[in-house]
Amino acid sequence: MAVGLGLVVVLVVIGVLTLLIRLVQDIDRGVEGVVETLGQTARNTGESFLIADTAGQVDAVLAEGLNHHLFLTRVLSGSGKKAVPR
């Protein structure tokens, strides 16, 4: 009787340990996915500091384009006003 009870206990322990191993493997796969996602995020945002400089350069190009537009409008309309370059 004691041997049968011991066998049942051993089988239950094997089942619980198998379940625990599968849960740990599932958690490990999830952690690997999170680490991969964080790596991709770091690569995607690695040069985000350039956004502010780019915005300043875009503003400068826009201002230059507006100056050209103003100059060409005055020249083509024959308004006689002298365009003042910046």
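All of the numbers you see were taken from the coordinates with simple rules; none came from a lab. Predicted model, so just to flag it, every value in this text is computed and none were measured. A quick note on method: Cβ atoms are made from the backbone with ideal geometry, for glycine too, and the neighbour counts reach across all protein chains shown.
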For segment 1-46, alpha-carbon Rg over 2.2 N^0.38 Å
2.12
Helix 50-77 axis, angle to the chain major axis (alpha carbon atoms, nearest 10°):
30
Net charge near D28: determine it from the other residues with C-beta under 14 Å of the C-beta of D28, scoring Lys and Arg +1 and Asp and Glu -1.
-1
Per-residue ³J(HN,Hα) for segment 3-17, Karplus 6.51 cos²θ - 1.76 cosθ + 1.60, θ = phi - 60°, Hz, x for Gly and Pro:
5, x, 5, x, 5, 5, 4, 4, 5, 5, 4, 4, x, 5, 5
Cα-derived Rg over Rh, computed across the chain with Rh taken as Kirkwood radius:
1.76
